[in-house]
1. Simple spin-label model, 7 Å along Cα-to-Cβ: residue A:19 to residue B:69 in nm?
2. Relative to the longest principal Cα axis of chain A, at what angle does helix A:191-205 sit, 0 to 90 degrees, rounded to 10?
3. Treat the count of other C-beta atoms within 10 Å as a stand-in for reagent exposure and order B:89, A:120 from fewest to most.
4. If you take each beta carbon of peptide A:110-121 and count the beta carbons of other chains within 10 angstrom, what is the mean?
5. Return A:98, A:48, B:151, A:160 ranked ascending by Cβ neighbour count within 10 Å, so the fewest neighbours appear first.
6. Taking every pair of distinct Cα atoms and averaging 1/r, then inverting, what Kirkwood hydrodynamic radius in Å comes out for segment A:86-170?
7. Using a 10 angstrom cutoff on alpha carbons, build the Gaussian network for chain A and name the most mobile of A:94, A:176, A:161.
8. I'd like the mean, over residues of B:97-103, of how many other protein chain beta carbons sit within 10 Å of each residue's own Cβ.
């Protein structure tokens, strides 16, 4: 705090003080494609990132297993669990959505460690939620750079590394073609909005399954505004 | 002296600080309220986006870094500078969401420079020059750089077709790739006609709200201010609207008539707050009103004059805006210095686009905008 002013920088839980636009009533921006990489799944096998970001609508986030920030990784995974339940309850989305959690710490987050951590989230075999890590840090860094996911190790007063990885909580919504269509930082982790975004992407590729829950066609002006 | 005046103004409008040390929380200097790496404790460096001046150094716009650590031997001194190799009317800049890059633009040449200030804040590097804004969007005069997650929302002032004030917003991803464009509305929404002008941007994520303001185009902001104020035709071409957008759909939902070129915008972001504030350039009344009122509209004017009239000293504009309107100082707001407002800028030699909070030498007109109906 400075001069008794209120600190606007402290993280606070996201709030939803509006009615989210219905699915399909808007178009998500095409923000960026994703470069491929080789990662390690929770069984110890190598897996291409493209295999985890294409073919389905994907929500991808970064975490580390020993993160204890209540508004950090645990909050991200609680939000994702909420979304998993919403997706599981929507037949139009069956088999079309996956979640991917990528460890920020390949050194400590071994395949066994992420498998243990992910147990409570991957119990439903019908829902694909993948926990992955990397073989080594240099193989992870290009992935972080490509996504624009910052991470740094907090230092103690003596300049020694602590067990706290400082990173901006981000979640990436990726379409089935592998392009990032929305990015959620903490303030935007609003499950109802995110769910509508997932459904909006699903509607792009399956217009016949357009739901009746208030969805409407894009306005001509909105459609023309789209870059592609 | 023109050179000194322009340099001072340039320093005043484009200063951003970098932090290396970690300490207690302090004020955030950036527009976007939800980026990472918010300022904690003492800043170590000040980055200044400076206007190039013919005959001074290489004459180019520069990003200058000043040591701001009192314990340093070079405290208060310029320790680094990067010339961009030309003069483009350096103006604002803004951090990306991860606070590792600064985007700085030129109002005249519409170029945007991306500086890496995260790898080594004491020695920023120019890593990318974005020069396709006019070609991709038709817009000109990039003004406001507002960090969204993974991308930058850019508010512009003008367009390449007629260099007037009709413009829009552009979105680029953090790598500098163009994503989308959104025209400022010139149509009529709910009985109020838009002017299509642009200026500042402010987002309230809890309300899915994006608020924009309006200034003037290249034809005006690159002219000498003294000439503009004496040109009745030019004075007709200033914005008088603000627009409430649906942030998710990026569609304009409401146009607000806010006479007098509404400029900087700040939201009150704490829970329970339901208003935003702006300061207008050409008049000096204060107005408080809901953004989407039907029967709940309040419109309080505590003083107003026309730009052509004499100087109207609105004493209540002194001090912090938060104090003025709400009896408290809120960290989101910048102080409006009456000294700057009172300067007789009709005699000063500067371009209309060179400004501080108090535009055009007038006491700022403050608009307290409440969201009573839209989200209530």
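Rule-based calculations on the coordinates, nothing more; no lab input. Quick caveat, the model's predicted, so the values are computed rather than measured. Cβ placement follows ideal geometry from the backbone for every residue including glycine, while neighbour counts extend to all protein chains displayed.
1. Those two pseudo-labels are separated by 5.4 nm.
2. That helix lies at roughly 60 degrees to the long axis.
3. So the residues, fewest neighbours to most, are A:120, B:89.
4. 0
5. A:160, A:48, A:98, B:151
6. Result for segment A:86-170, one decimal place: 15.0 Å.
7. Result for chain A, Cα springs under 10 Å: A:161 fluctuates most.
8. 3
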